[in-house]
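Notes to accompany the following structure.
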Amino acid sequence: MDASAMTASFDQRTQLKMRRTVHSNPQEDIDIECSSSSFEDVKKDDYANNAGAANSRFSELTPLSRRIARFVSPLDNNPYLEAIARLVPPLAVLLLLPQLLWDVYDYSEPWSLARIVRNADLAWTALLHISSRPIAAVTLLTVVMLPRGGFKHKSFSGGFLSSLGSAVANVSQSSWKMSLTLSFILLHTVIFQMALQMGYPSLLWNPFMWGWYKVHLPQDIGSALSGACFEDLAARQPLCLQEWQWKELSSGTLSSSNPDDVLAVQRGYQYLQNNSGGILINALARNVVDAIPALRQNMEGLSPLVKDDKLALVVFENDSTDGTREAFKQWASEKNLGYSVDLMECGPNNPDCQLNIMDRYDSNLFTNPKASGVGKLGEFRQVLLEYILSQPKYEEYSHMIVLDVDLGTSLSPLGLLHTLGLKGDLAESSVVASSSSQVWPGTMGSIIPPYDLSAFRAEESESTRRARELHKSFCELMPKGDRWRNMCEACSPMQLFLIQSADDPSNHNGQPYPVTSAFNGLTLYPMSLIRSRGPLARYDSGDDNQRCEHVGFHLSLSDVMYVNPKWTMHLKPDKPGGPTGIRAIKTLVYAVFGRPNVMFAIVCGNLFFFYVFVAAFWAIGSVFKSVVLR
């Protein structure tokens with residue numbers, strides 16, 4: 001062995017000896033290397049797991065929500081910031097979408113978050129045609145009850161059950177699929193309840209009204225007025241009436257503990273006693289014999305409030321087949337009523353007004369799509385108005401009340417006095433409508449707006465411009481003259497929003513609010529205004545005979561009118577205004593299936609807005625559920 005080889009061998013033995021000295025156990029070298037390698041792998045696995053968990057959380061979000069959540073809440077950040085970030089998109093949709101559709105916020109008012117939220121609530125209620133609150137509640141409850149991650153698929157022996165279980169599991173594991181399915185179910189529930197309420201109206205189908213909604217009947221007016229002393233300003237009890245009497249005589253809107261209510265009622269009574277020339281009740285009647293007893297009780301309730309028997313009922317009846325005319329004749333022949341009953345005749349050749357005119361609701365809309373939704377109402381109301389204006393015995397009467405006879409509820413005597421006693425003598429120069437309300441079909445009692453959408457026209461202000469324009473476009477889905485031009489008023493979400501917004505207590509604060517037109521089954525007209533317009537004061541159903549006749553009349557008066565929210569009637573859930581039974585179902589079916597373009601707009605629009613609303617609240621519910629279960 002040469003010297004170089006010996007030197008190399010010596011160096012190797014020296015290094016091995018040194019290693020044995022430092023590490024007595026050779027396995028430690030191996031463990032150190034393995035430990036180092038494992039540590040790096042664990043770090044990678046932990047990062048992968050964290051990223052996987054984050055991606056799992058983000059996977060249920062929309063792309064926009066996912067980007068916001070990742071930007072605001074990195075993987076190692078506060079989970080509550082992530083939750084807040086996830087709430088931004090659905091809240092933005094709920095609050096801003098109605099504003100983008102139409103101007104639901106009046107920018108002339110000071111900025112208010114509460115006002116924005118309230119307007120959004122009213123807008124969504126109109127878009128869904130049911131209160132948004134129960135829809136939101138059902139959605140959130142479904143989110144809470146659904147197992148996290150959805151249902152797991154279970155195998156069944158049968159092919160159908162297995163397919164059904166697979167489909168249910170698949171839908172329940174997807175937020176958008178669950179939102180769409182729930183929207184479809186809720187929408188068809190609303191449609192079914194709407195048909196049920198229109199075909200067979202009843203309180204039973206309206207659970208949100210149970211226990212609190214009270215219909216005040218005219219048969220209770222006499223006992224509630226017992227002991228009243230309207231002129232005793234120093235009475236220990238205002239007007240010598242207890243609180244329950246105030247509620248009964250005002251349909252629940254006035255209170256003896258409210259000084260403004262008491263003062264307005266006292267002013268109204270003093271006006272009737274000292275300044276008024278009398279009050280006329282103007283009514284059309286056809287096949288309403290069952291409603292005559294209630295009308296009589298209302299007249300007897302108003303009679304003690306009017307001085308010198310200056311109270312008159314003037315009726316135009318035609319074509320009744322149920323004994324209505326005979327009942328009015330008998331009533332008019334009675335003496336010492338404290339008021340007069342004046343039944344119009346149609347000339348010497350036809351005194352009983354047998355005009356052989358078909359009822360507007362009996363028209364066959366399938367064969368005659370242009371059958372008028374107003375019929376001859378405008379003409380009959382004009383005949384009755386001209387009769388009143390031509391009679392010398394009515395020259396001194398200062399006010400006329402136009403009402404729907406068939407409603408059969410209390411006319412709210414204190415509400416009428418309150419209207420006559422409004423500040424600034426408002427009712428002496430301007431038309432004032434009641435705010436009478438009824439349950440809206442399809443809402444299960446969650447919406448009870450002023451009921452006459454056909455006669456309503458919002459005040460023409462800049463804040464209502466876009467909603468009014470969209471409503472006009474909605475009605476123009478069918479050409480002029482089509483019956484849809486009349487029915488669209490009750491189908492339009494814009495019209496429903498406008499009337500609810502105008503009547504919302506947070507907007508009017510209990511004060512009369514201006515409108516272009518309103519009726520609601522009970523409206524007070526100053527005769528001086530009508531007489532000053534002369535022949536220009538006319539009922540008019542438009543150039544295609546589809547516009548509500550009250551709208552034309554109010555436009556002809558060329559003056560702003562008001563709605564008094566403290567003068568109201570609560571309509572019966574089982575006897576609403578408008579058609580019911582087979583008439584209503586026929587009208588509903590034809591409105592939808594007889595016009596494919598209208599059907600497409602309504603069905604697709606309703607389903608779209610249901611889905612957007614439900615999806616937004618599904619996202620909100622998922623956020624809170626993830627925070628609680630984290």
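The values are calculated or read from the model by the stated rules, or taken from the named source; none is laboratory data. Just so you know, these numbers come straight off a predicted model, no measurement behind them. With ideal geometry, Cβ positions are generated from the backbone for all residues, glycine too; neighbour counts draw on all protein chains shown.
Among the residues making up the range 195-210, those that are crowded, with 16+ Cβ neighbours inside 10 Å and either under 15 Å from Pro134 (Cβ atoms) or touching a Cys at 6+ places or on another chain (Cβ under 9 Å) (or both) are Trp205, Asn206, Phe208, Met209. Among the residues making up the range 103-125, those that are modelled with pLDDT under 85 and either part of a helix (DSSP H, G or I) or not polar (S, T, N, Q) (or both) are Asp103, Val104, Tyr105, Asp106, Tyr107, Glu109, Pro110, Trp111.
What tally of residues in the range 323-363 results from selecting those that are closer than 23 Å to Gly373 by Cβ and not small (Gly, Ala, Ser)?
Narrowing the range 323-363 to residues closer than 23 Å to Gly373 by Cβ: 324, 353, 355-363.
Still in the running and not small (Gly, Ala, Ser): 324, 353, 355-362.
Of the residues in that region, 10 qualify.
The condition of being over 30 Å from Thr367 (Cβ atoms) and either out of contact with any helix residue (DSSP H, G or I) (no Cβ under 8 Å at 6 or more places or on another chain) or touching a residue at least 40 places away in the same chain (Cβ under 8 Å) (or both) holds for only one of Leu470, Leu453, that being Leu470.
Going residue by residue through the range 392-400, is there one that turns out to be assigned by TED's automatic domain parsing to the domain that holds Glu549, assigned to a strand (DSSP E or B) and either among the hydrophobic types (A, V, I, L, M, F, W, C) or without any contact (Cβ under 8 Å) to a residue 60 or more places away in the chain (or both)?
Filtering the range 392-400 down to residues assigned by TED's automatic domain parsing to the domain that holds Glu549 leaves 392-400.
Subset that is assigned to a strand (DSSP E or B): 399-400.
Checking the rest, the ones that are also either among the hydrophobic types (A, V, I, L, M, F, W, C) or without any contact (Cβ under 8 Å) to a residue 60 or more places away in the chain (or both) come to 400.
Yes, the range 392-400 contains at least one residue that is assigned by TED's automatic domain parsing to the domain that holds Glu549, assigned to a strand (DSSP E or B) and either among the hydrophobic types (A, V, I, L, M, F, W, C) or without any contact (Cβ under 8 Å) to a residue 60 or more places away in the chain (or both).
Screening Ser226, Ser257 for residues that are of a type in the set (Ser, Thr, Tyr) and either within 36 Å of the chain's Cα centre (by Cα) or surrounded by 19 or more Cβ atoms within 10 Å (Cβ to Cβ) (or both) leaves exactly one candidate, Ser257. Taken together, the criteria exclude Leu536 from residues that are over 21 Å from Val405 (Cα atoms), in contact (Cβ under 8 Å) with a residue 24 or more places away in the chain and among the aliphatic types (A, V, I, L, M).
Between Ala591, Ala615, Ala584, Ala601, the distinction of being among the hydrophobic types (A, V, I, L, M, F, W, C), closer than 25 Å to Trp484 by Cα and assigned by TED's automatic domain parsing to the domain that holds Ser132 belongs to Ala601 only. In the range 195-218, which residues are within 11 Å of Gly445 (Cβ to Cβ) and in a helix (DSSP H, G or I)? Result: Gln197, Leu203, Leu204, Trp205, Pro207, Phe208, Met209.
Among the candidates Glu428, Glu460, the residue that is surrounded by fewer than 22 Cβ atoms within 10 Å (Cβ to Cβ) and either in contact (Cβ under 8 Å) with a residue 60 or more places away in the chain or closer than 26 Å to Gly252 by Cα (or both) is uniquely Glu428.
Here is a list of conditions, (1) modelled with pLDDT of 95 or more; (2) part of a helix (DSSP H, G or I), and Asp308 meets all of them except one; can you say which number that is? For Asp308, the failing item is (1). In summary, Asp503 fulfils each of the numbered conditions (1) modelled with pLDDT of 90 or more; (2) surrounded by 24 or more Cβ atoms within 10 Å (Cβ to Cβ) with the single exception of condition (2). Just one of the listed residues (Gln495, Gln438, Gln511) is out of contact with any Cys (no Cβ under 6 Å at 6 or more places or on another chain), polar (S, T, N, Q) and surrounded by fewer than 22 Cβ atoms within 10 Å (Cβ to Cβ), namely Gln511. Here the condition is being free of Cβ contacts under 8 Å to residues at least 24 places away in the same chain, touching a Ser or Thr at 6+ places or on another chain (Cβ under 8 Å) and exposed (fewer than 14 other Cβ atoms within 10 Å of the Cβ); of Glu334, Glu243, it holds for Glu243 alone. How about the range 214-227: which of its residues are touching a helix residue (DSSP H, G or I) at 6+ places or on another chain (Cβ under 8 Å) and in contact (Cβ under 8 Å) with a residue 24 or more places away in the chain? Those that are touching a helix residue (DSSP H, G or I) at 6+ places or on another chain (Cβ under 8 Å) and in contact (Cβ under 8 Å) with a residue 24 or more places away in the chain: His216, Leu217, Pro218, Gln219, Asp220, Ile221, Gly222, Ala224, Leu225.
When the residues of the range 514-534 are filtered to those that are surrounded by 22 or more Cβ atoms within 10 Å (Cβ to Cβ) and more than 19 Å from the chain's Cα centre (by Cα), which remaining residue is nearest to Pro392 (Cα to Cα)?
Just the residues of the range 514-534 that are surrounded by 22 or more Cβ atoms within 10 Å (Cβ to Cβ), to begin with: 515, 517-525.
Subsequent filtering for residues that are more than 19 Å from the chain's Cα centre (by Cα) retains 522-525.
Values: Leu522: 25, Thr523: 23, Leu524: 21, Tyr525: 19 Å.
So, considering only residues that are surrounded by 22 or more Cβ atoms within 10 Å (Cβ to Cβ) and more than 19 Å from the chain's Cα centre (by Cα), the one nearest to Pro392 (Cα to Cα) is Tyr525.
Residues that are within 20 Å of the chain's Cα centre (by Cα), in a loop (DSSP other than H, G, I, E, B) and crowded, with 22+ Cβ neighbours inside 10 Å are absent from the range 547-561.
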